[in-house]
Amino acid sequence: MIHLWEYDSRRINGRNMPQLMSDLERIGNEGWELVQIKDDVDDEGTVTAIFKREKQETISL
């Protein structure tokens, strides 16, 4: 059985640690796992976060 993944990127606050943790917890509760936070902080302090989660369907070989 092969597991399939879906990916998402979201802009989140990278400077305000309580807000960052709140955002990550909320997204994690949707089933997403944080894969990477890119080093692309903009003037407002937001960064791109990459997430993945397992798709409901699988492939049997």
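Among Q19, H3, I37, which residue has its Cα positioned farthest towards the positive end of the charge dipole of the chain, with +1 placed on the Cβ of Lys and Arg, -1 on the Cβ of Asp and Glu, and the dipole taken about the Cα centre?
H3
How far, in degrees from 0 to 90, does helix 17-29 lean away from the longest principal axis of the Cα atoms of the chain, to the nearest 10?
20
Report relative contact order for the chain in percent, whole number only (criteria: Cα-Cα under 8 Å, sequence separation at least 6). It would help to have the intermediate numbers written out before the result.
Numbers: 98 pairs, mean separation 31.5, N = 61.
It comes to 52 percent, rounded to a whole number.
How large is the charge dipole for the chain, taken about the Cα centre, if only the Cβ atoms of Lys, Arg (+1) and Asp, Glu (-1) carry charge, to the nearest 20 debye?
I would put it at about 120 debye.
What does the C-alpha gyration tensor say about the overall shape of the chain? Classify as rounded when a/c is under 1.5, otherwise prolate if a/b is larger than b/c, or oblate. Present the calculation step by step, with values, prior to reporting the outcome.
Numbers: a/c = 4.38, a/b = 2.35, b/c = 1.87.
Prolate is the answer for the chain, as a/c is 1.5 or above and a/b outweighs b/c.
If I take R0 = 22 Å and measure r between the Cβ atoms of R11 and R53 in this structure, what FRET efficiency does the formula 1/(1 + (r/R0)^6) give, to the nearest 0.05?
0.75
Just reorder E30, E57 by solvent-accessible area, largest first, 1.4 Å probe, all chains present.
Details: E30 80, E57 105 Å².
Of E30, E57, the descending order of accessible area is E57, E30.
Could you give the longest part of the chain that holds none of the trypsin sites (Lys or Arg not before Pro) found in DSSP loops with at most 13 neighbouring Cβ atoms within 10 Å? The partial results should precede the final answer.
Details: sites that count: R15, K38.
So the longest stretch without any such site is 39-61.
The values are calculated or read from the model by the stated rules, or taken from the named source; none is laboratory data. It should be emphasised that the depicted structure is a prediction, and the values quoted were computed from it without experimental measurement. For neighbour counting, all protein chains shown are included, and Cβ atoms are generated from backbone atoms with ideal geometry for every residue, glycine included. To get the accessible areas, we keep the full protein, side chains included, count just its heavy atoms, and leave off ligands, DNA and RNA. Shrake-Rupley method; radii C 1.70, N 1.55, O 1.52, S 1.80 Å.
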